[in-house]
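Here is the structure we will look at.
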Amino acid sequence: MFLVKLGGSVITDKARYRVFNKDRVARLCSEIAESGKDVIVVHGAGSFGHVLAKRHSLQDGYSDPEQIPAAARVQQDVRELSLMVVSELLDAGIPAVSVPPGSCFVMEGGRLVVGEGEALRSLRKTGIMPVLFGDVVMDREKGFGICSGDQAMEALAEMFSPEKVIFVSDIDGLYSSDPKVDPDAEFYPLVTEDILKEVSTDQSVADVTGGVAGKMRSMLKICGKGRDCMLIDGTVPGNLLSALKGEEVKCTIARI
Ligand code: IPE
């Protein structure tokens, strides 16, 4: 089984509130269908989640009643996004259903608690792809918090032991600094804990869940013996299909 996260930066315009990139998502879904592989898709929230979450500090948990309408609004926005992603999967011929983490699970101290995951296992057994995504999730300690799609990836990797894990982003891997502003940025084909310490983590757009460095941390948690965990650029047509087929693609691979 292959676990694929479609990052918010590829499926939305991260700088513009609630702008969905329908054509790109349709293309990525066809690449998944064409690969013929058994895949579970997770997706990020992009501008359907980060913009309001940051404005109302939802990632820090409940502290003020004025956050409540925003917590509800973000849940609504990311569900709408998820239904659009799932529509594209269905149109590509992949039976899929949106499973909102905020409705199905809780968190404890910022960590997602999935438990037995009976519904997820059962969906898969039936041949339906459960699609999780970055969401506002109730937290036993903090009232609520943000569960990133990366965290959902970690939970699913534990549950289903995928042979390969692919993070699809709008960048082809990890750099020492932002390559869009620094021409001398160094590219890392391989990431380890030590490399991650050297990397600058400046954020140019609203992001409440840690950007590329946060993603690399998740990748390091997920990767293991015999399991490749890679970050690829999904804005390049064919990249996801090649990665799923095991062909060479420019990327950063996480290794412990
Ligand atoms: C963020 O999820 C969730 C919310 C802000 C509600 P992700 O962290 O997985 O989203 P992207 O991929 O960075 O957009």
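Things to note:
- Estimated 222 nm signal from helices in the chain, with DSSP H stretches of n ≥ 4 weighted -39500 (n - 2.57), rounded to 500: -11500 deg cm²/dmol
- Judged by a Cβ-Cβ distance under 4.7 Å, the unpaired cysteines of the chain are Cys29, Cys104, Cys147, Cys251.
- Student exercise, the chain dipole from Lys, Arg, Asp, Glu Cβ charges, in Debye to nearest 20: 520 debye
- Kirkwood Rh (inverse of mean 1/r, distinct Cα pairs), the chain, angstrom: 18.2 Å
- Viscosity 0.692 mPa s, 37 °C: Kirkwood-radius Stokes-Einstein D of the range 148-245 over Cα pairs, µm²/s: 230 µm²/s
- Mean-square fluctuations from a GNM of the chain, with a 10 angstrom spring cutoff on Cα atoms, peak among Val86, Val114, Val137 at Val114.
- Lys, Arg +1 and Asp, Glu -1 on Cβ, resulting dipole of the range 1-126 about Cα centre, debye, nearest 20: 200 debye
- Rg and Dmax of the range 89-150, Cα atoms only, in Å: 12.9, 41
- Normalising by residue count, the range 126-193 has a Cα convex hull of 179 Å³ per residue.
- Ordering 10-20, 46-56 by mean Cβ neighbour count within 10 Å, with the highest value first, yields 46-56, 10-20.
- Taking the three principal axes of the alpha carbon atoms in the range 38-139, the coordinate ranges are 43, 29, 16 Å, sorted in descending order.
- Antiparallel content of DSSP bridges confined to the chain, in %, to 5: 40 percent
- Selected from Gly102, Gly44, Gly115 as most flexible by GNM, with the chain as the system and alpha-carbon contacts under 10 Å: Gly115
- The H on the amide N of Phe144, modeled in the peptide plane, is under 5 Å from the matching H of Tyr62, Asp139, each at least 5 residues off or on a different chain.
- Distribution of pairwise C-alpha distances over the range 19-63, 5 Å bins, in %: 5, 17, 19, 16, 13, 11, 10, 7, 2, 0
- Across the range 144-153, coupling constants 3J(HN,Hα) worked out from phi with the 6.51/-1.76/1.60 Karplus curve, θ = phi - 60°, read 8, x, 9, 9, 7, x, 5, 5, 4, 4 Hz, and Gly and Pro carry x.
- Cα gyration tensor shape of the range 1-86, rounded if a/c is under 1.5, else prolate or oblate by comparing a/b with b/c: prolate
- Comparing Cα centroids, the range 205-256 and the range 40-97 end up 21 angstrom apart.
No value in this document is a laboratory result; all are computed from the given coordinates. None of these values were measured; they are calculated from a predicted model. Cβ: placed from backbone, ideal geometry, glycine included. Neighbour counts: every protein chain shown.
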